[in-house]
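One structure is given here, and the rest of the page talks about it.
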Amino acid sequence: MKKIIAASVIAVAGIGITTWTSGTEPANANNATAPLSSNIAVATFAGGCFWCTEADFEKLDGVLQAVSGYTGGQKANPSYKEVASGQTTHTEAVQVFYNPDVISYEGLLEYLWRGMNPTDGDGQFVDRGKQYRPAVFYHNAAQKAAVEKSLAELSESNIFGKPMATEISPFKVFYDAEDYHQDYHVKNPLRYSYYRNGSGRDQLLNKVWGDQREHDYTQYKNQASIADVASDKFVKPSEYYLKKKLTPLQYKVTQEDGTERPFDNPYWDEKREGIYVDIISGEPLFSSTDKYKSGTGWPSFTQPIQGVSIIEKEDNSLFMKRVEVRSPVADSHLGHVFTDGPAPTGLRYCINSASLRFIPKEELTDKGYGQYLALFK
């Protein structure tokens, strides 16, 4: 488990972060010590013994941290003894925290297939039982689509010569394994090496994949378009997730209809060309082509970006009658719209920076928003 220094968090489209703990007591899913970074995503995989899966992913470029634990079952706070003996329906798994600017979710899947046996649903290598079953637990619709596509392509290749038996299920909760399991390959290198060599894992995978295991996994690009995220396929993350993922101000503004301080926010004087998307869902909301200097200290726009219908609601709070605006997919509080704006609309969309993420024009294609380049020609 690599050590990551906490930093400020900016939510990115369609990702979810859960948390882990350490200690010899059964894991607690509500103790939040996950690594925080300005651009971080999470994936949850089961590939048999978590010692091996964790060790493999921690070698991969773009992976910030891998954590061993339990998921896929019903029992809360299971212990290793309970899971390993088959007393629960959990499977040993690993949560992988990664930088999507370095490696995509598709790249992680390609790496996973080369590190476990996706055709053995009753265990992995020397470890037998459903507590070692292979599985991918998707965190959102984009991940679900990606793993279904990737596994179908793997099946069609017939490289394993057997039908696929890997579970694909929605992610629910992850319980960290006890501390002595974390970084087992580092803490106990001789025991780990003895176990791994005797498990048959690398012998089988080297036979199946050969030199294809040595591969540039950063070459794979995210296949899910922003249209998949900003649609009815988007599932809003839980309150627990949002409180851990967003900064306190971002949460207060988007979820509690709060307001940030004027002239003390990132985008009120942002002058670069680009678009502004919802901080939670990534759905496009506004363009710099419609932004103007209102003098209010908040980002102001004359209209939403083309093709977007912002939700408007009557707001009678603070002894005033105003019109609140919310994002149509994530239902985030954005700000308010007033009728004192300039031509051509006469409107002023007064928006909180905390509700937004800015995508510069130069990054639109790489971030999946290439269709909006036409706004700047």
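The values are calculated or read from the model by the stated rules, or taken from the named source; none is laboratory data. Bear in mind the structure is a predicted one, so any value in this text is a computation, not a measurement. So basically every Cβ, Gly included, is an ideal-geometry build from the backbone, and we count neighbours across all protein chains shown.
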Does the stretch 152-162 contain at least one residue that is polar (S, T, N, Q), touching a strand residue (DSSP E or B) at 6+ places or on another chain (Cβ under 7 Å) and either closer than 28 Å to PRO237 by Cα or free of Cβ contacts under 8 Å to residues at least 12 places away in the same chain (or both)?
no
Complete set of residues in the stretch 116-132 that are among the polar types (S, T, N, Q) and assigned to a loop (DSSP other than H, G, I, E, B)
ASN117, THR119
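Residues are listed down the side, and each one gets a yes or a no for (1) surrounded by fewer than 18 Cβ atoms within 10 Å (Cβ to Cβ); (2) touching a helix residue (DSSP H, G or I) at 6+ places or on another chain (Cβ under 9 Å):
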site: ALA41; (1), (2): no, yes
site: GLU58; (1), (2): no, yes
site: ASP61; (1), (2): yes, yes
site: GLY69; (1), (2): no, yes
site: ASN77; (1), (2): yes, no
Does TYR132 fit the bill of being more than 20 Å from TRP209 (Cα to Cα), buried (at least 22 other Cβ atoms within 10 Å of the Cβ) and at pLDDT 95 or above?
yes
Looking across the stretch 303-344 at residues that are surrounded by fewer than 20 Cβ atoms within 10 Å (Cβ to Cβ) and polar (S, T, N, Q), the single one that is farthest from ARG261 (Cα to Cα) is GLN306
I need the helices (runs of 4 or more DSSP H) fully contained in the stretch 145-213, keeping only those with at least 1 residues that are farther than 19 Å from ASN117 by Cβ.
184-187, 189-199
Strands (runs of 3 or more DSSP E) wholly in the stretch 32-111 with at least 3 residues that are charged (D, E, K, R) - which ones?
none
With the requirement that a residue be basic (Lys, Arg) and either closer than 23 Å to SER193 by Cβ or touching a residue at least 24 places away in the same chain (Cβ under 8 Å) (or both), what does the stretch 36-90 give you?
LYS59
Right, ILE310: over 30 Å from VAL102 (Cβ atoms), in contact with a strand residue (DSSP E or B) (Cβ under 6 Å, 6 or more places away or on another chain), among the aliphatic types (A, V, I, L, M) and at pLDDT below 95 or not?
yes
Among strands (runs of 3 or more DSSP E) entirely inside the stretch 261-377, those with 1 or more residues being aromatic (Phe, Trp, Tyr) and in contact (Cβ under 8 Å) with a residue 40 or more places away in the chain are 274-278, 284-287, 348-351, 356-360
